[in-house]
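*Asks:* Pasting in a structure now, in structure tokens, and then I'll have a few things to ask.
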Amino acid sequence: MKNEKDVLILAIESSCDETAAAVVKNGREVLSNIISSQIALHTLYGGVVPEIASRKHIEKVNQVVEEALKEAEVTMDDITAIAVTYGPGLVGALLVGVSAAKAIAFATGKPLVGVHHIEGHISANYIENKELEPPFACLVVSGGHTHLVVVKDYGEYEILGKTRDDAAGEAFDKVARAIGLGYPGGPKIDKVAKEGNPEAISFPRAKVSDAVYDFSFSGLKSAVLNYLNSCEMKGIEVKQADVAASFQKSVVDVLVEHAMLAVKEYGFTKLAIAGGVASNSALRSAMQEACKKNGVTFYYPSPVLCTDNAAMIGAAGYYDYIKGIRSGYDLNAVPNLKLGER
């Protein structure tokens, strides 16, 4: 199963509402990837309730770790190191994963590696694209983050641009709620938009005047809400699918435009996308088309590796581990951890 040179990382992820554990071999081969999702539970409340998320993590964390080892057909003796997400995320949720990882590391004497959640999302691209190596550009789009990043080397990043207000995923959730689709917004808008006309309503594409790579989605969200209000006041029937499709196109256009601008200016031949919104079908096909037109190789993870999972943390943890990065037993949850910080 494992020769002496193989590095097996046991990874734990609990930054939001997925309790996940995985065993990853040499940074790119996933031996197991167990995800216990809480979506059904949080749907009742129309979004993630941090307190409930934390309690569920406590219930599930040992189970997912045991299952990950079992599915990978390894024991703790085979594991080289423990990797865990320590930020950014919900502080209570992060603490559960961090505490579990520290306890396992302490009990087994294995090295502990704290991993940045966004670094995990970026590293998800290494799992299925064995040939992908830095440097490349990466667009990270999730519920909490919208970043355009230069991946200079493993674990070395330069942020070109980020959102000034709402993250793309956050805008999806808020608009989905406003048009009566509920939670989780991203997948629901993606599905409904397929039946709508993306040209039906002209929503704004915001530009940040002093920073060409920065994003802003709160104005777009407000424009959708204003449109819905004016329809209501005038007694005009709202076509849910058209609103979803037009909103989605506005977000996708901005994301693709920023990414292509960066690729051209910096001369990159490789572009990757990462994060939950990277599983959006409209974004994937628009980005694929733009990359093809500009002679850029496009990389993206399978949908299961776009949303929160531990395999991506195992991939990131491996590259940190071989660089000699170790965390002490004083590792703590850092809810607002910036990319590139340690």
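*Asks:* Could you tell me whether any residue of segment 320-336 is assigned to a strand (DSSP E or B) and free of Cβ contacts under 8 Å to residues at least 60 places away in the same chain? Full working, then the answer.
*Replies:* Looking only at segment 320-336, we keep the residues that are assigned to a strand (DSSP E or B), and these are 327.
With free of Cβ contacts under 8 Å to residues at least 60 places away in the same chain added as a condition, the list becomes none.
Among the residues of segment 320-336, not one is assigned to a strand (DSSP E or B) and free of Cβ contacts under 8 Å to residues at least 60 places away in the same chain, which makes the answer no.
*Asks:* For SER209, only one of the following conditions fails: (1) in a loop (DSSP other than H, G, I, E, B); (2) among the small types (Gly, Ala, Ser); (3) in contact with a strand residue (DSSP E or B) (Cβ under 9 Å, 6 or more places away or on another chain). What is its number?
*Replies:* (3)
*Asks:* Mind listing whichever residues of segment 215-258 are over 18 Å from PHE172 (Cα atoms) and part of a loop (DSSP other than H, G, I, E, B)?
*Replies:* If the condition is that a residue be over 18 Å from PHE172 (Cα atoms) and part of a loop (DSSP other than H, G, I, E, B), then GLY235, ILE236, GLU237 are the ones that fit.
*Asks:* Go through segment 102-129 and count every residue that is under 21 Å from the mean Cα position of the chain (by Cα) and either more than 15 Å from GLY155 (Cα to Cα) or surrounded by fewer than 19 Cβ atoms within 10 Å (Cβ to Cβ) (or both). Before the answer, list the steps.
*Replies:* So in segment 102-129, the residues under 21 Å from the mean Cα position of the chain (by Cα) come out as 113-129.
Subsequent filtering for residues that are either more than 15 Å from GLY155 (Cα to Cα) or surrounded by fewer than 19 Cβ atoms within 10 Å (Cβ to Cβ) (or both) retains 127-129.
Total meeting the criteria: 3.
*Asks:* A follow-up question, please. Only residues that are in a helix (DSSP H, G or I) and in contact with a helix residue (DSSP H, G or I) (Cβ under 7 Å, 6 or more places away or on another chain): list them for segment 12-41, please. Steps first, please.
*Replies:* We begin by selecting, within segment 12-41, every residue in a helix (DSSP H, G or I); these are 39-41.
Scanning segment 12-41 gives a single hit, LEU41.
*Asks:* While we're on this one: Can you name the residue in segment 267-315 that is over 13 Å from the mean Cα position of the chain (by Cα) and closer than 22 Å to ALA83 by Cα and, of all such residues, is surrounded by the fewest Cβ atoms within 10 Å (Cβ to Cβ)?
*Replies:* Pass one, segment 267-315, residues over 13 Å from the mean Cα position of the chain (by Cα): 267-271, 281-299, 314-315.
With the extra rule that they be closer than 22 Å to ALA83 by Cα, the set shrinks to 314-315.
Details: GLY314: 38, ALA315: 30.
Applying the filter and picking the extreme gives ALA315.
*Asks:* What residue, among those in segment 46-79 that are surrounded by fewer than 19 Cβ atoms within 10 Å (Cβ to Cβ) and touching a residue at least 60 places away in the same chain (Cβ under 8 Å), is farthest from GLY180 (Cα to Cα)?
*Replies:* The extreme case among them is ASP78.
*Asks:* Any residue in segment 161-189 that's touching a residue at least 60 places away in the same chain (Cβ under 8 Å) and within 13 Å of VAL224 (Cα to Cα): show its pairings with residues that are crowded, with 22+ Cβ neighbours inside 10 Å and polar (S, T, N, Q) at Cβ separation under 7 Å, as long as the two are six or more apart or on different chains.
*Replies:* Every condition considered, no pair remains.
All of the numbers you see were taken from the coordinates with simple rules; none came from a lab. Here the structure is a predicted model, which means the values were calculated and not measured. Positions of Cβ are generated from backbone atoms using ideal geometry, with glycine treated the same way; all protein chains shown enter the neighbour counts.
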